[in-house]
1. Taking the condition of being more than 11 Å from every other protein chain (Cβ to nearest Cβ), assigned to a loop (DSSP other than H, G, I, E, B) and open to solvent by 20 Å² or more (accessible area, probe 1.4 Å), how many residues in the stretch B:18-53 meet it?
2. Give all pairs with beta carbons closer than 9 Å in which a residue from the stretch B:132-146 that is among the acidic types (D, E) meets a residue that is open to solvent by less than 10 Å² (accessible area, probe 1.4 Å); count only pairs at least 6 apart in sequence or on separate chains.
3. Which of (1) touching a Ser or Thr at 6+ places or on another chain (Cβ under 9 Å); (2) surrounded by fewer than 24 Cβ atoms within 10 Å (Cβ to Cβ); (3) within 14 Å of chain B (Cβ to nearest Cβ) does A:G176 not meet, given it meets every other one?
4. Return the only residue of A:R520, A:R467, A:R463 being among the basic types (K, R) and within 22 Å of A:E436 (Cβ to Cβ).
5. I need a count of the residues in the stretch A:368-398 that are modelled with pLDDT under 95, surrounded by fewer than 18 Cβ atoms within 10 Å (Cβ to Cβ) and under 16 Å from A:S439 (Cβ atoms).
6. Out of (1) touching a Lys or Arg at 6+ places or on another chain (Cβ under 9 Å); (2) more than 16 Å from ligand 2 (Cβ to nearest atom); (3) within 14 Å of chain B (Cβ to nearest Cβ), the odd one out for A:I334 is which?
7. Against the conditions (1) buried (at least 18 other Cβ atoms within 10 Å of the Cβ); (2) outside any helix (DSSP H, G or I), where does A:D411 fall short? Just the number, please.
8. Confirm whether A:G351 is open to solvent by less than 10 Å² (accessible area, probe 1.4 Å) and either within 14 Å of another protein chain (Cβ to nearest Cβ) or closer than 25 Å to A:V235 by Cα (or both).
Amino acid sequence: MSIYRTHILVPIDEGTVQAGVFEVKRTLEREIRERGLEGEVRVLETGTVGIVGKGVLLAVYPDRIYYSGMRPSDVALLVEEHLLKGRVPSSLKHAPLDLQDGAKVLHRTGLTLPQKRVVLDKAWKVAPDDMREVLASGGYAGLERIVADRMTPEAVIDEVKKSGLRGRGGAGFPTGLKWELTRNSPGGRKYIICNADEGEPGTFKDRLILEGDPHRIVEAMTIAGYAMGATKGYVYIRGEYALSIERMQKAIDQAREYGLLGPDVLEHGFAFDLEIKKGAGAYICGDETALLESLEGKRGNPRIKPPYPVAHGLWQEPTSVNNVETLANVPGIIARGAGWFRTMGTEKSSGTKVFTILGHVEHPGLVEVEMGTPLRELVFSYGGGVSGGRKFKAALLGGASGVFLPEGLLDVRMDFESLKENKAVLGSGAVLVMDEDASIVDMLFSILKFFAHESCGRCAPCRIGTRQLLNLAWKLRRGKGRETDLDTMLRLAELMCGTALCPLGQSVIMPVRSAIEYFRGEFEACVKKTTEEARV
Amino acid sequence: MESKQIHIPDNAEYRELKLFIEANSSTPGPLIQVLHRAQKIFGYLPMEVQHFVARELGVPHSQVYGVVTFYNFFRTEPIGDHIVNICLGTACHVKGASEILKALEKELGIRVGGTTKDRFYTLSTARCFGACGLAPVMMVDDEVYGRLNPQKTIQILKDLRTAQTVK
Ligand SMILES: Cc1cc2nc3c(=O)[nH]c(=O)nc-3n(C[C@H](O)[C@H](O)[C@H](O)COP(=O)(O)O)c2cc1C
Ligand code: FES
């Protein structure tokens, strides 16, 4: 890759920034300069490792050692001992690092258990804004294969279809099929849109992909554009994700410079370009039809389906909307083949999935593992178990429109089918762990508050339904509930599921039903309190 | 018609916005991007600015108003020098975000959406910053603070104020 003997990777994410990573990095660079090591050691900013709350991290390659909890005052020792003398100073917190294929359980950090990193493969190993490194580490290999093998658009779609890739944005729709439908829809201009609105609370996987490896998304969207016959793509990014926007913009500019975007991509006679659009903070805009409205500069009211975006999308033209993580899988599928992709995951849910493990766990953070990994493993191995040695009560899967699962279902496998069998959804991949002291009633109340706030107000079932549900939950929480309230809540949510205009209102049933079904006792206790008080 | 009755001053801010609108008027659906810029220039989007945008883009004011009120990001009221955003997302909720909010409301003497008398802080809430690994989380302007508890949060805001006044 280069003549440097050693690379020091400095993962930048919110956690490390807060822990003072830039100060450490400046000290490191100064120390390296002062010791005359500039020509030998290179310091690189990368995306996150997915290890949260361990302070500033530094990873030394090729030695595969990572240091945690680094302070500026530790740097001199590291340079002196490790870089000059070649030995790891034992006084610094360190551990061998191997996320990809290492079998050892490393450090005390659950998150360094072996993972299967595909979409996050490069996110923390390669400087996202160094084009030479991106290319040297296999970036744009998928696009190159298309050119080298003269793959037709149909062949590309076929490869994606054979891989079995399904949408990671929530619904699990087969990606190849979506592209084919878009390709076959009549229309002058076609569009590919990357959905990076990531609004589901408790989810930040897309942010880390965008920050850590934006070129992967540029490549994927170019491939998608070629396959569908689209010449323009939009990346719709949450307004709050300042760093994602900055890194993505830089990647787009670099790709243009290298002829990977523009009027004649790789001199292959195909035009494609990308543009970023900033979201303005509305949960509903994560829904693909609302997103289209927002892209057109309007209120983000969802559209009535059908017609579907694949036929009538942006400006009524055929459009494919794909999630960030979905797209991030595409370059690998094209470069290494559908067969390779199918070796991971399960028969019907191939590949990997990125999960964010949060709440009352020992090691919150994100992991990428094969589809079908049991929930128990996520919580207890990767997450390090419930914090403070307390007991597990529930996991909320998939954010606000997700499902509460009780202890009895911890062995469920995390793939589309297995979850569906248990009336649950993979959703955004958020796994929020709640310990024995957490209140489900309280949590449901908070979720309903979220829905009442985010309901766009266009249809009555959702506008009124979310408000009514919130009122009922509020009463229960205050100990003012009635016996019949639980069934009223269930009936309301069911009604909304059947009549609301868009998936926001339709999905309120998910948290409501699972909370009441699995934790009915907790709700009844609220009711009982009331009846007893009434008697007094 | 109505927009004519509103007096739009001719100053540097409006001129900057006008330039931006002219540069972007040929791109389809520019309204949201224009409002982003306008809020950056003015800090918020008062009626006057909305009318100006409507007139320059040639769309009804109702449409501009509709968009402004739909998105959480746009504000129609002026804010303090610094905006304090408490995350109430699911991950922050289980880690006690509402306790922090309560403590801050008490400490600053304002409710959510309010601004302190000295116009220093505006208190606001958000659904999730995607920084859930650090829950509970708040953002002060563009800066994220994690692993909070009520005392720590109050201390951070106190320190920021001191740092500012010393400057
Ligand atoms: C209320 C709501 C919010 C959504 N939020 C997101 C989101 O933040 N990101 C996302 O990729 N998909 C989101 N979706 C799903 C999208 O509508 C769409 O299915 C997805 O972007 C398709 O991409 P995929 O096929 O790659 O999964 C949301 C759906 C609904 C109903
Ligand atoms: S839930 Fe608070 S940052 Fe995500």
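1. So the answer is 5.
2. B:D141/B:V84
3. Single failed check for A:G176: (3).
4. A:R520
5. Total meeting the criteria: 1.
6. Of (1) touching a Lys or Arg at 6+ places or on another chain (Cβ under 9 Å); (2) more than 16 Å from ligand 2 (Cβ to nearest atom); (3) within 14 Å of chain B (Cβ to nearest Cβ), only one is false for A:I334: (3).
7. Unmet for A:D411, out of (1) buried (at least 18 other Cβ atoms within 10 Å of the Cβ); (2) outside any helix (DSSP H, G or I): (1).
8. When the stated conditions are applied, A:G351 passes them.
The values are calculated or read from the model by the stated rules, or taken from the named source; none is laboratory data. Every value quoted in this text rests on a predicted model; they were computed, and no experiment measured them. When we count neighbours, we look across all protein chains shown, and the Cβ atoms used for this are built from the backbone with ideal geometry, even at glycine. Side chains are part of the model used for accessible areas, which takes the heavy atoms of the whole protein and leaves out ligands, DNA and RNA. Shrake-Rupley method; radii C 1.70, N 1.55, O 1.52, S 1.80 Å.
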